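Every number in this text was worked out from the coordinates using simple rules, so none of it is lab data. No experiment lies behind these values; they were computed from the predicted model shown. Every residue, glycine as well, gets a Cβ built from its backbone with ideal geometry; the counts of neighbours run over all protein chains shown.
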Amino acid sequence: MANIPASQGGRTSLHGQWSSRVAFILAVTGSAVGLGNIWKFPYVAGANGGSAFVLVYLGCILLVGLPVMMSEILIGRRGRRNPVETMTLVGEEEGTSRRWGWVGGLGVIAGVLILSYYSVIAGWSLDFIIESLTGSFQGKSGEEVGAVIEGLKGSWQRSMLWHSVFMGLSVFVVARGVEKGLESAVRFMVPGLLVLLFVLLGYAMTTGAFVEGLTFLFTPDFSALTGDSVLKALGQAFFSLSIGMGAIMAYGAYLPQETSIPSASVTVVLADTFIALLSASIIFPIVFANGLNPGAGPDLVFRTLPLAFGNMPGGIVFSTLFFVLLSFAALTSAIGLMEPAVAWSVERFGLTRRAAAIMIGLVIWIVGIGTALSDNVIADVQILGQSWFGAVDYLTTNIMLPLGGVLITVFAGWFMSANSTSSELGGAGAGFRAWRFLARFVAPVGVLFVLADGTGLLDFVTGG
Ligand code: TRP
């Protein structure tokens, strides 16, 4: 645990510090790369018309995602506390208001809600390790593979079992603390995942529908775009980069003072985007080669990838390895989702890290029961026309994260002095000016507009 010399003006985090710049980048990449890239991106893109969605997504990443991520890290490093306390303290120091702490509070809640369903999907991945090992996918048709995920979703017992196992694992890792728990998991997960994705890409090229798949993804058809799908692209950008809820702010609190925030952010954003595009380039050729529906929804990946594994040489080994790595990717994201809530409980109530992890884990586990039962026991229950899972996902991804992101960039761009922000971002050069322009104008205005348009608020206001 390194202390920051007082000459650099910093506080010391109460939870330790990343051992190096690389460790920080690994941890943020670990939180960013997860089910969002491999499970969510392809199905959301597929359900929203493919290519036009992808282009809007890339625009959101660049114009909104990057500046919000930099804002989160710089605020985190200045405050060096959990997001609630950090926003309170920095708000006070910058002479605005302690009430900014509420933004951190919103993030703590968003993290709990997101992990509540994330854990259920991660549970599917755990279940698929066993299915892979026992050869459930070998030589099977699309329909037979589909029956596996249907069977899992339809069973509340199995859904609950894996949700519980995954939450148990998350609590275990978080309880061990920042350095030991988080760093070690990411070091082999991201490289391993990349290798297997390339194996799958090789398979996708042999399906005969590779070009068709890529065309679907990369030839824009803007007529497919609606206000709602633009909002979903924006939400997906926030979700995939782990921003808008203070998770990256919490990680920034453990960042050594000398690490460059812009270069770390660019690295993470590139890695995350590359992996999302790579998985979509694998999924869609398989979809089209097998006559599957690109808009099939949340189980798309659990239908296509097993099909690929079941029909390639060495499928059992690759399939098992893949779902092991996907589960790890989910785990390194889960700990990021818990970190704001856990750090807050430790600092606010003086709990030990272990007690806090168990308590928060239990809350998330309970909320997650809704999602675990949402395709079986309570499949008929509708909240605003959606399943429980759909409603929690929509509320968090498309509303809470973008809203949190606006508040965070507005705070960094308008309420923090240029002096403070430029000293965190390494000087007042062209890069800084670009960040500040995006953070003050482009990101907040763009997000608010997309939010108002996508939720129908705009129509309501303009009487349209
Ligand atoms: N980015 C993660 C993924 O793509 C999910 C996620 C959303 C997340 N918000 C987060 C992870 C906050 C960690 C922290 O799977």
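From the list PHE432, PHE415, the one residue that fits, being surrounded by fewer than 22 Cβ atoms within 10 Å (Cβ to Cβ) and touching a Leu at 6+ places or on another chain (Cβ under 6 Å), is PHE432. In the range 221-238, the qualifying residues are those that are of a type outside the set (A, V, I, L, M) and within 12 Å of the ligand (Cβ to nearest atom), and the one that is surrounded by the fewest Cβ atoms within 10 Å (Cβ to Cβ) is GLN236. State yes or no: is THR332 within 16 Å of the ligand (Cβ to nearest atom), surrounded by fewer than 23 Cβ atoms within 10 Å (Cβ to Cβ) and closer than 30 Å to SER374 by Cβ? In short, no. The C-beta contact set for the range 145-158 (first residue within 19 Å of GLY368 (Cα to Cα), second residue surrounded by 20 or more Cβ atoms within 10 Å (Cβ to Cβ) and among the charged types (D, E, K, R), distance under 8 angstrom, 6+ apart or interchain) comprises ILE149/ARG303; LEU152/ASP127; LYS153/ASP375; GLY154/ASP375; ARG158/ASP127.
The residues in the range 271-315 that are in contact with a helix residue (DSSP H, G or I) (Cβ under 7 Å, 6 or more places away or on another chain), within 27 Å of LEU62 (Cβ to Cβ) and among the aromatic types (Phe, Trp, Tyr) can be counted, and the count is 1.
Whenever a residue of the range 408-436 is among the hydroxyl-bearing types (Ser, Thr, Tyr), its partners that are loosely packed, with under 15 Cβ neighbours inside 10 Å, lying with C-beta atoms within less than 7 angstrom and at least six residues away or across chains, give the pairs SER422/ALA428. Taking the range 299-348 as the range and being closer than 22 Å to ILE248 by Cα and free of Cβ contacts under 8 Å to residues at least 40 places away in the same chain as the test, only SER345 passes.
Restricting the range 127-140 to residues that are in a loop (DSSP other than H, G, I, E, B), polar (S, T, N, Q) and in contact (Cβ under 8 Å) with a residue 12 or more places away in the chain, the residue that is surrounded by the most Cβ atoms within 10 Å (Cβ to Cβ) is SER136. The range 33-101 holds helices (runs of 4 or more DSSP H) entirely within its bounds, and those carrying 1 or more residues that are hydrophobic (A, V, I, L, M, F, W, C), within 17 Å of PHE218 (Cβ to Cβ) and in contact (Cβ under 8 Å) with a residue 60 or more places away in the chain map to 41-47, 51-60.
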